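The values are calculated or read from the model by the stated rules, or taken from the named source; none is laboratory data. Predicted model only: the values in this text are computed from it and were never measured. Don't worry about glycine lacking a Cβ; one is built from the backbone with ideal geometry, like all the others, and counts go over all protein chains shown. Remember, those area values only see protein heavy atoms, side chains included, never the ligands or the DNA or RNA. Shrake-Rupley method; radii C 1.70, N 1.55, O 1.52, S 1.80 Å.
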Amino acid sequence: MQILPGAEPLSHDGSQVGVLVCHGFTGTTQSMRPIAERCVAEGWTVRMPRLPGHGTTWQDLNKTVWTDWYAEVEAAYAELQERCTHVAVVGLSLGGSLVTLLAEEHDDVAGLVLINPAYEPKDPRLKALPIVKRLVPSLAAIGNDIKKPGVTELAYDRTPLKALHSAVAMWRQVTRDLPQITQPILLMHSPEDHVVEPSNSELLLSRVSSADVTEILLEDSFHVATLDNDAERILDETVDFVRKVCA
């Protein structure tokens, strides 16, 4: 199995502050590498796993299910827990929903940074997935939704439907259990997002039980905001938040 250049995972051992960084569906670690590397520069211990089925071919992704992706995230969290006093989690899109699930099941997560997280996509075509996935293996790509000219996300050129159907099942579970979230949250989301509707962020805000929630609108970015015009602000806000919750 050949991993695409730029899709490699990142593992760095530093201080007692731990940060878990998670990329999104059909994307790769490339979209989150700036955040992971900034956290490494801060001297923190960082894990950024490559989710199973990602960073190779979309056909590989179609052979996986959401429990495979979550197992990889949970294993990385366990490593950080062994080494660190406090662990914060950061996720983009599907990565946001995966780290939300982690926080629902592990109340010792110190805090969540969520960037355009996915919980309840409204696309009516998703209702047909149980049938369509048996007829065609993939549809058009969802990656590379970036406003900034000249920037490209390393992502698949097709969306595998069996894997997408599994993601939908995970989103239902994560959404159901959102009231279990009590940890501090930094939510950064784009009002103009062509992959995950802003209503997903509204749903999160309406259901979590966290008393400490900061919402930031990324007015100059589309879905992959970590590579877009608001990237520097995302980096600064993430570092400030991790310092606060892991102090």
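Some notes on this structure:
- Degrees separating the helix 66-83 axis from the principal Cα axis of the chain, which is the longest one: 10 degrees
- Rounded to 5, percent antiparallel among DSSP beta bridges of region 1-113: 20 percent
- Nearest 10 degrees, 0 to 90: helix 231-245 Cα axis against the chain principal axis: 50 degrees
- Within the shell defined by Cβ-Cβ distances under 12 Å, the residues around Trp44 carry a net charge of +1, with Lys and Arg each +1 and Asp and Glu each -1.
- Around Val73: net Lys/Arg minus Asp/Glu count, Cβ-Cβ under 14 Å: -4
- Sum of -39500 (n - 2.57) over DSSP H runs of 4+, divided by residues of the chain (222 nm, nearest 500): -11000 deg cm²/dmol
- Under DSSP loop assignment and at most 14 Cβ neighbours within 10 Å, longest trypsin sites (Lys or Arg not before Pro)-free interval of the chain: 123-247
- Accessible surface of region 63-186 [probe 1.4 Å, protein heavy atoms]: carbon and sulfur percent: 53 percent
- Net charge, Gly143 excluded, C-beta distance under 9 Å - Lys, Arg +1, Asp, Glu -1: -3
- Rounded to 5, percent antiparallel among DSSP beta bridges of region 10-246: 20 percent
- Only beta bridges with both residues in region 116-247 are counted; by DSSP, about 40 percent of them are antiparallel.
- Contact order relative to length of the chain, as percent, for alpha carbon pairs under 8 angstrom and 6 or more apart: 21 percent
- Each 10 Å bin from zero up to the one holding the largest Cα-Cα distance in region 46-163 carries the following percent of pairs: 12, 38, 34, 15, 2.
- Probe 1.4 Å, accessible area per residue of the chain, Å²: 42 Å²
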